[in-house]
1. Please give me, ordered by residue number, the chymotrypsin sites (Phe, Trp or Tyr not before Pro) of the range 141-221 that lie in loop per DSSP and have at most 10 other Cβ atoms within 10 Å.
2. Got the relative contact order for the range 22-213 handy, in percent, Cα pairs under 8 Å and 6 or more residues apart?
Amino acid sequence: MDESELDKLVSDVEEIKRAVRRNNPFVRELVGGRFFAALGLPFGLLIVGFCAGAQLLLERFGSVAGIPAGWKAAGWAALAAVFIGGGILKWGFLGARARKVQEGATVMTIFRGVYGGPLFHLNLPVVICMVAATAFAVSVGHPWYIVPGIGIFFAFISNALGLAIGRPEYLVAGWYCLASSLASLFFMEAAPLVWSAVIWGGCLLVFGIVGLAVKDREAPA
């Protein structure tokens, strides 16, 4: 391949990227702003804090079975509150934003916009792989491998979304999640809570930092 052919290839790739972004205005308006980056930072810190607290309890009481029931109930309640609170905030924002961008938009409109279209052929296989990896990890008696298993496949969704809307925080978070999940495969059993914090807490923190550092901009025409 000579220099002119390489230049033509680069030009074609850039044109494809621009076309994808032009054809995804609804998705870009939904998830391309700074709201999710701002949400990522505190939730990343909460996940790191939860894992650190659980690790301290394990070191103090020796095993999960040895942790007092009250501590375990409080921990699970706190984790549930984080996920439920995050879900309410996320879907509340998405619903309001979707109705602002497209009159009469519903939850199904959001799902079709974010997960449907051409990306459906990537998203559905990834979700199937997540479910299969989870089932396999449980069936062989190593449930902690669910954490990196989901992280590896989540990276593909994050990168695809980042390419579609032209936001670097999704790409950086995707690559971070892939690298940390692959690295954890060799050490997960020795320190599952530490690596859970590294993968998911770190992913959200990286996403938030990059997203807030990058100025909002219009996708290139």
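Nothing in this text is a laboratory measurement; each read-out follows from the coordinates by a stated rule. Because the structure is predicted, anything quoted here is derived from the model rather than measured. All Cβ positions, glycine included, derive from the backbone under ideal geometry; neighbour counts span all protein chains shown.
1. Answer by residue number: Phe186.
2. Normalised by residue count, the contact order of the range 22-213 is 34 percent.
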